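Written out below as structure tokens is the structure these notes cover.
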Amino acid sequence: MVRIIDRRFDSKNKSAVNRQRFMRRFKGQIREAVADAIAGRSIKDLDNGESVSIPSKDLSEPQFHHGKGGIWETVFTGNDQFSSGDQINRPQGGGGGGSGKGKASKDGEGEDDFVFNLSREEFLDVFFDDLALPNLVKTQLARIQEYKNQRAGFTNDGTPANINVVRSLRGALGRRLALASPYQGRLRELQKQIAELLETRPEDDPEIIRLKDEIGILRAKIEAIPFIDSFDLRYNNRIKIPKPTTQAVMFCIMDVSGSMDEGKKATAKRFFMLLYLFLTRTYEHIEVVFIRHHTVAKEVNEEDFFHSRESGGTVVSSAIELMKEILHQRYLNGAWNVYGAQASDGDNWENDSPHCRELLSTAILPFLQYFAYIEITPGEPQNLWREYEKLVGAHANFAMQHIEGLPDIYPVFRELFKKKLA
Amino acid sequence: MSAKRQKRKQPLPAPGEWTFELIEAYHVEIDRVARSYGLDTYPNQIELITSEQMMDAYSSVGMPVNYHHWSFGKSFLQTEKGYRCGQMGLAYEIVINSNPCIAYLMEENTMTMQALVIAHAAYGHNSFFKGNYLFRQWTNADAIVDYLLFARNYLSECEERYGEEEVELLLDSCHALMNVGVDRYKRPAKLSLTKELTRQRERAEYLQSQVNDLWRTLPTQQIKTQAVETRRFPPEPQENLLYFIEKNAPLLEPWQREVVRIVRKIGQYFFPQRQTQVMNEGWATYWHYTLINTLFDEGLLTDSFMMEFLHSHTNVVYQPAYNEPWYRGLNPYALGFAMWQDIRRICEHPTDEDRYWFPDIAGSNWRETFDFAMRNFKDESFIAQFLSPKVMRDFRLFAILDDDHEGKLKVSAIHDEAGYRKVREILSDNYNLGSREPNLQVWNVDLRGDRSLTLRHQAYLRRPLSDAADEVIKHVARLWGFAVKMEVAHEDGRIEVLYERHQDRRKTDKN
């Protein structure tokens, strides 16, 4: 008659396909939301999803309905004051649920934006999409952590293959000793008594025979203690620990002179974020040093780095100088992998550029894993570019890229990745 | 109730946590009582699901299987968000009008709630689905799940063949017309899976042969067309827009016509539900209340069970007054429950007033009257027929006339001797699909000229179309393939063109 079915363990995510379709359809809006989110986020904050809001107008599913206006006659409940024929003022602005328009509320519904949450994976997906990353790299980056197996003492259970013989037998021996010790004590006592008695009495004395019997029983009991018990087994323990175990420091250097507008800064930010993301895959602990400069350089926090406005000329070497100083003071004790990322529009004070190259080449690049420079400018490369070009051949850990839009960022990392993937 | 109560049986245990054995035990008792009241139902299939599966079911309009579309993803996200933020609870149950009748019970429910839901869905709604004339005419409980399966497979086949994008755009357009895909006064043919498959193949072949025919250039053809040209097309205005497009849109390919048909058929399946909210919910609520109370009177239920049950029941039938902030119109559960209870009262203990208003049913056998009312009415007629002065007084119903040409609103009638009939008439009209939704017709196709399609909105009480109509017209134009005009016929006889959409021909040619 009745069938009761437990569906709770059926496949989940029946709606996953519909969700994907939804995401695909509103890719434009989602991308915009992600761009906004990136502008507002710390460059280290890439492990969270994001809530995306889409104007509900955009995703309405239109149907034929009545609009406001015309004549409507509607029944309400809870009459507390009206009689037939009463004239009443129209309620203002839909205040109170009981507004006079039966249909108005229907159309007015859902005027708010439609908000939903992107998961971390979906967020990164969109982030990567913008940057035109190859798929292999995407999976490398999106993977949360790599683990390696490591020994970590012994446990009481495990697979037979992992039995540690020495430990197990040592445990068995200990157990046997411990369990037998009361019997052994008694045994020694009895043997002593027999020895004493034998001095005065013959061997077939009933007392001696009784003692001998007891000794026999005790020996049997000691024999009966199992040689090895499942309780004794010890197994080698292996635990998984996250692979990245080293630390890195990342220098972000950005030109904040008057010619770097917000758009260029936003591009620079993506560049820094991406480098950061690369590093998080390889290193457990990462410090970020923010240096911004115009004619003088200053170490600042992230907030000031991206958002405070400065203007004036540009002396890039001031920043390189400061980087060198910080590098030598704090990070050259051998415990750090050092990365550098510089973003500028390349418009440097003419005589300063050779000095920059000199500094990088002698005092910085030898200590660095990698240094990437991006020049964000729509037109011809500027003088800093021309100087830096000379570094490319000489140093394998130096990369530079001229950037007009976001998709140009990735090639900077290609070199870096070739190494890491190999 | 407590006076009648006899303690002769051991009450069923009512722990917070349900078990399958308990659900079965409760079902046995509920089933026994339901039979004793003569409820006629489809066999039941009770399925226990998680809250996430409930959200899945929500987003595919409560169907166990459905084709894929972004709009379902959207509603899933909406439900999920509302649920996670605690803004809304999920329904305790979803019930599907199928044979066997599938009722989803949520895993989070307590034992009491599961019992309530079984009584409500598996006996209340189920018997309504089986008995009510609208459901009998418009839906086919035996075939719906098979049909949905057919639809999903067909659409995924189309996606493979013609691309997801193409199918999605087509579905968007069809969804926009989903609620104008019904002939209100014609009864549809019954569905069956095998018939559906052969029919679909046959029609595709036939249509293809017709297309080939177009390339024949015989002189007789021309004579024929001339005869047609003088005729009006369609000869009578049509209200079923989707059907008209399915049969007559010039540029649709066979598979596209099939998709239009699928959306139309599924839309049609929901047509009775839209018209029987008060009756159906009221009926189910009445029966869960009655069945559970009967079990309690038999001593089968504990007091703690009843306390929790009554708490939920009271929430369900709560009706705020018009001036309270959480007023959202009449609560169909509250009104329906009150009306069914009232009908029973009129049958069993009629007053003079009842004898005057309801000479036919006052003092009659309540079970027979219930059966008659449940089978033969929809909200509109049910209210017109059975809403009693007592219920109007209890709800303190009053009607407001809102004329946008007048400065003020007018109270047109209240719950008094002079107003009963008027209030009832207006309330009945509020539930009339015909006046609630705009009256649209396929008016004309310009066969001679540019093949443009003209839709006409027959205005009623100066009610205009909402702005979304412009968007819908774009969808109509996409399906029709040629220009589409939307005009409104005012009550004073004026005809006014509201929107006009031209379909980009190059795009259509590509299809």
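Give B:L455, B:L440 a once-over and let me know the one that is in contact with a Phe, Trp or Tyr (Cβ under 7 Å, 6 or more places away or on another chain), within 8 Å of chain A (Cβ to nearest Cβ) and part of a strand (DSSP E or B). So that I can check it myself, show each step before the final result.
Details: B:L455 fails: within 8 Å of chain A (Cβ to nearest Cβ).
Only one candidate passes the filter, namely B:L440.
Out of all the residues in segment A:223-243, is one or more surrounded by 14 or more Cβ atoms within 10 Å (Cβ to Cβ), free of Cβ contacts under 8 Å to residues at least 60 places away in the same chain and not charged (D, E, K, R)? Yes, the conditions are met somewhere in segment A:223-243.
The residues on offer are B:N293, B:N323, and the sole one that is of a type outside the set (S, T, Y), more than 14 Å from every other protein chain (Cβ to nearest Cβ) and farther than 14 Å from B:V391 by Cβ is B:N293. Within segment A:1-19, the residues that satisfy the criterion of being among the aliphatic types (A, V, I, L, M) and facing chain B (nearest Cβ under 7 Å) are A:M1, A:V2, A:I4, A:I5, A:V17. Here B:A413 fulfils each of the conditions (1) touching a Gly at 6+ places or on another chain (Cβ under 6 Å); (2) small (G, A, S); (3) assigned to a loop (DSSP other than H, G, I, E, B) apart from (3).
Does B:L335 qualify as being not in a helix (DSSP H, G or I) and not polar (S, T, N, Q)? In short, no. Screening segment B:293-332 for residues that are β-branched (V, I, T) and in a loop (DSSP other than H, G, I, E, B) and picking the one that is farthest from the chain's Cα centre (by Cα) gives B:T302. Looking across segment B:470-497, the residues that are of a type in the set (A, V, I, L, M, F, W, C), crowded, with 16+ Cβ neighbours inside 10 Å and not in a helix (DSSP H, G or I) come down to B:F482, B:A483, B:V484, B:M486, B:V488, B:A489. Among the residues of segment B:126-160, those that are touching a Leu at 6+ places or on another chain (Cβ under 7 Å) and among the hydroxyl-bearing types (S, T, Y) comprise B:S127, B:Y147. Give the number of residues within segment B:239-254 that are surrounded by fewer than 20 Cβ atoms within 10 Å (Cβ to Cβ), in contact (Cβ under 8 Å) with a residue 12 or more places away in the chain and part of a helix (DSSP H, G or I). Qualifying residue count, segment B:239-254: 2.
All conditions but one from (1) within 30 Å of B:E500 (Cα to Cα); (2) within 8 Å of another protein chain (Cβ to nearest Cβ) apply to B:I414; the one that does not is (1). Check whether at least one residue in segment B:64-75 is facing another protein chain (nearest Cβ under 7 Å), in contact with a helix residue (DSSP H, G or I) (Cβ under 6 Å, 6 or more places away or on another chain), closer than 30 Å to B:A176 by Cα and not in a helix (DSSP H, G or I), and report yes or no. So far as segment B:64-75 goes, yes, one or more of its residues are facing another protein chain (nearest Cβ under 7 Å), in contact with a helix residue (DSSP H, G or I) (Cβ under 6 Å, 6 or more places away or on another chain), closer than 30 Å to B:A176 by Cα and not in a helix (DSSP H, G or I). All conditions but one from (1) within 14 Å of chain A (Cβ to nearest Cβ); (2) in contact with a Gly (Cβ under 9 Å, 6 or more places away or on another chain) apply to B:E425; the one that does not is (2).
Every residue, every condition in (1) touching a Lys or Arg at 6+ places or on another chain (Cβ under 8 Å); (2) surrounded by fewer than 20 Cβ atoms within 10 Å (Cβ to Cβ); (3) more than 24 Å from A:G40 (Cα to Cα), yes or no:
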{"residue": "A:R292", "(1), (2), (3)": "yes, no, no"}
{"residue": "A:F305", "(1), (2), (3)": "yes, no, no"}
{"residue": "A:I320", "(1), (2), (3)": "no, no, yes"}
{"residue": "A:M323", "(1), (2), (3)": "no, no, yes"}
{"residue": "A:L327", "(1), (2), (3)": "no, no, yes"}
{"residue": "A:A335", "(1), (2), (3)": "no, yes, yes"}
{"residue": "A:Y370", "(1), (2), (3)": "no, no, yes"}
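Of all residues in segment B:122-129, none are farther than 15 Å from B:Q45 by Cα and surrounded by fewer than 17 Cβ atoms within 10 Å (Cβ to Cβ). All of (1) free of Cβ contacts under 8 Å to residues at least 40 places away in the same chain; (2) among the β-branched types (V, I, T); (3) surrounded by 11 or more Cβ atoms within 10 Å (Cβ to Cβ) hold for A:V165 with one exception: (3).
Residues in segment B:254-285 that are under 18 Å from B:H175 (Cα atoms) and among the acidic types (D, E): B:E258 alone.
Taken together, the values in this text are just the output of simple stated rules run on the coordinates, not laboratory data. On a predicted model such as this, the values are computed, not experimentally measured, just so you know. Cβ sites come from the backbone with ideal geometry, for glycine too, and all protein chains shown count toward neighbours.
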